[in-house]
Amino acid sequence: MSDSLPNTPRRRILKLLAGTPVLLPLGVTATSMLTACSGDGGGDAPAPADPPATSAQFESVAFAGMSAPAASDPAALAATSVRSRLQVAFSDGSVTEYALAYQPFFLTGDQAPDGNGGTVLAGGYYDIDNQPIMDAEGRRYFSNAPDGASLLTVAGAPANTVFAVVQFEYANWTDFGGPDMYGVLPSPIAVLTLNQNPATGQLTLAKYHNVDMSAIHGLWIPCGASLSPWGTHISSEEYEPDAFDMGQGGQSLSLVTDADNGFGKWFYGDAADARLNAYNYGHIPEVTVNPDGTGAIKKHYCLGRISHELIQVMPDERTALMGDDYTNGGLFMFVADRARDLSSGTLYVARYTSVLSEQSTSRASAAAIQWIKLGSATSAEIEAMVNTDKIQPTDIMDVRTEAAEGYTPLMLNKTERFVRLAGDDERTLKAAAFLETHRYAALKGGSMGFTKMEGTAVNARDKIAYSAIANITDSMVAGRAGYVSGHNIRFAAVVNAGCVLQHFLAGGQTDSDGNAIDSEWVPQSTAVLITGTDLPAADALGNTSDPDNIASPDNLKFSEQMRTLFIGEDSGNHTNNFLWAWHVDTGSLQRLLSCPAGAESTGLHAVDALGGWTYIMSNFQHAGDGVSRLGDLAAEVDELMGDKRKAAVGYLTGDFGSAAGTAVKL
């Protein structure tokens, strides 16, 4: 376990399935180790001894969970706490168990190596000229909210080098006397060059590189992320600014345009800069890592302008399923024209033709989906509309607050507005589909009834995709604000703890116009996989949802090798947010990690095999948020946390202090 927030715990590492392909062939014996590196000094541990010869073969992996931190242990409430264990089963019936621990690469606000003998501020913000952004007192702004992360290798990189890509969602300095900076600072993304010890799997940070955002007009509130099948980091831009500023977008337009504290002011230096346009934000960025540890970014304008969370590209390398972290949000899908290329394709929104409810708990009772085609486009043509043609919102549609002839009532973000397209020509319809996606999807009949659909993941073997629903409330619950019966998303009661949905995938489907959808990975129906449990009243630690069940699932990642869905929480319902492991074959839910009180579990990424090693990435953000719920413990826990502007970027590892910290043959 770690100590208080500013301290760095021991370096440790988990190794599974060394030297094997991602999917282990039947009848093959694999070598695997759970080893560890040094203590706090940070040096390398001796290489582990060779595992004993055995004919027993690896069969499965499971986790033994930890209890939630208790009031009797304020240090555990204040820190990243790990008391879970890994269980490895073999063909001879034996089971070996290993303790787990957490290791950060850095805390935001710390100095990280720049690869040239100098240092760089971890999580620091930069303007269009790549100059550091300072506050009114001359201090560097840095993020306390690291989010999506990817771990990958690159052809041509030096031996034993791996890379991590980490994005930073926002900065919240209101607790430190500063203004609210949410959504107004241009978000950074960093490429981390990591040295991988081939004998132990230890990862050591060698270089921190800030990616240049000038070519994409700056990055807007990146939340979850995923690793594409071709090895790029797929980012996100959440809560798109409402170009009409009429309460139906994810954010107020003032976050972009405010002269004193808007995105334009901080990125361009002037909110009146002619290059500033709300339609540049709310898209899908993609980062390519170079062998030298630098990174290049591009932004795809053809996957819809919605409240993007992490998307999941399917094994066909063309089909992408997208969460929409929004009230009155939809389930969106993009099918690219070419594999490994998201720069052109077709965008769809789901319409449920039968009711999705708490009764939809299996494939047999799942709610059926009809996909509505919104349009086909290239990223280049949509970006040209924005930055060359300077398209205006009223060129696309008109939005009114009162009913009028020829206008359609639309319920979005719990707000009813009346909308009419500016025309029915191809250009106007494309602009509506890709720049005013929420409104156009509602006009086309999409089931815009979800509340905070977050991360997405895929179980390729079973052809099931998963979506996290942070809260079952508002537009999902009959009679609540934003609810529309025709969406066929109809839950009987609020569950603030949310749920995880499962989507059953298949080929041979057609869209609402009868046209074939060119993909074998299309959701055909949806059911509930697991639901959290609200408490009738807050418990002694301020939890309003059962701490022994999920609450407000956010990040999702699936490990094919471990047959495990990892679930990270973003919940005010749990005072400490947790990282969970759900084994899809047994239905076992195990708590792996507890974040500092008030912190969100972010940056989740499960890598089955990288240089022969398996890693589970995990970050946290905004520690201390709502810590007052701890009552009499609040002051002590708050003090133990230290500087709450600091947040961790790291990974779940093996604990060298455990008796089982030696090599083992799988």
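The values are calculated or read from the model by the stated rules, or taken from the named source; none is laboratory data. These figures come from a predicted structure and were not determined experimentally. Using ideal geometry, Cβ is built from the backbone for each residue, glycine included, and neighbour counts are taken over all protein chains shown. Protein only, heavy atoms only, side chains kept; ligands, DNA and RNA dropped before computing areas. Shrake-Rupley method; radii C 1.70, N 1.55, O 1.52, S 1.80 Å.
Key figures for this structure:
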item	result
Residue that is most open to solvent (accessible area, probe 1.4 Å) [pool: residues in the stretch 71-90 that are in a strand (DSSP E or B) and closer than 29 Å to Asn576 by Cβ]	Arg85
Selected residue (only one of Gly650, Gly661 is modelled with pLDDT under 90 and buried (at least 18 other Cβ atoms within 10 Å of the Cβ))	Gly661
Within the stretch 433-473, tally of residues that are within 24 Å of Pro229 (Cβ to Cβ), under 20 Å from the mean Cα position of the chain (by Cα) and not aromatic (Phe, Trp, Tyr)	12
Tally, over the stretch 91-118, of residues that are of a type in the set (Val, Ile, Thr), in a loop (DSSP other than H, G, I, E, B) and surrounded by fewer than 22 Cβ atoms within 10 Å (Cβ to Cβ)	0
Neighbours by Cβ (under 6 Å, 6+ apart or cross-chain): first from the stretch 270-294, in a strand (DSSP E or B); second of a type in the set (S, T, N, Q)	Pro285/Ser235; Glu286/Thr232; Thr288/Thr232
Set Leu227, Leu276, Leu310, Leu321: member being modelled with pLDDT of 95 or more and crowded, with 24+ Cβ neighbours inside 10 Å	Leu321
Failed item, numbered, when Val256 is tested on (1) open to solvent by 10 Å² or more (accessible area, probe 1.4 Å); (2) of a type in the set (A, V, I, L, M); (3) part of a helix (DSSP H, G or I)	(1)
Lys430 vs. criteria open to solvent by 50 Å² or more (accessible area, probe 1.4 Å), of a type outside the set (Asp, Glu) and either within 27 Å of the chain's Cα centre (by Cα) or closer than 20 Å to Ile372 by Cα (or both)	no
Selection within the stretch 556-571 - of a type outside the set (Ser, Thr, Tyr) and either at pLDDT 95 or above or surrounded by fewer than 24 Cβ atoms within 10 Å (Cβ to Cβ) (or both)	Leu556, Lys557, Phe558, Glu560, Gln561, Met562, Arg563, Leu565, Phe566, Ile567, Gly568, Glu569
Residues satisfying the stated conditions in the stretch 119-156, i.e. of a type in the set (D, E, K, R), farther than 19 Å from Gly262 by Cα and either open to solvent by 10 Å² or more (accessible area, probe 1.4 Å) or assigned to a loop (DSSP other than H, G, I, E, B) (or both)	none
Restricting the stretch 572-586 to residues that are under 16 Å from Leu556 (Cα atoms) and more than 19 Å from the chain's Cα centre (by Cα), the residue that is surrounded by the fewest Cβ atoms within 10 Å (Cβ to Cβ)	His583
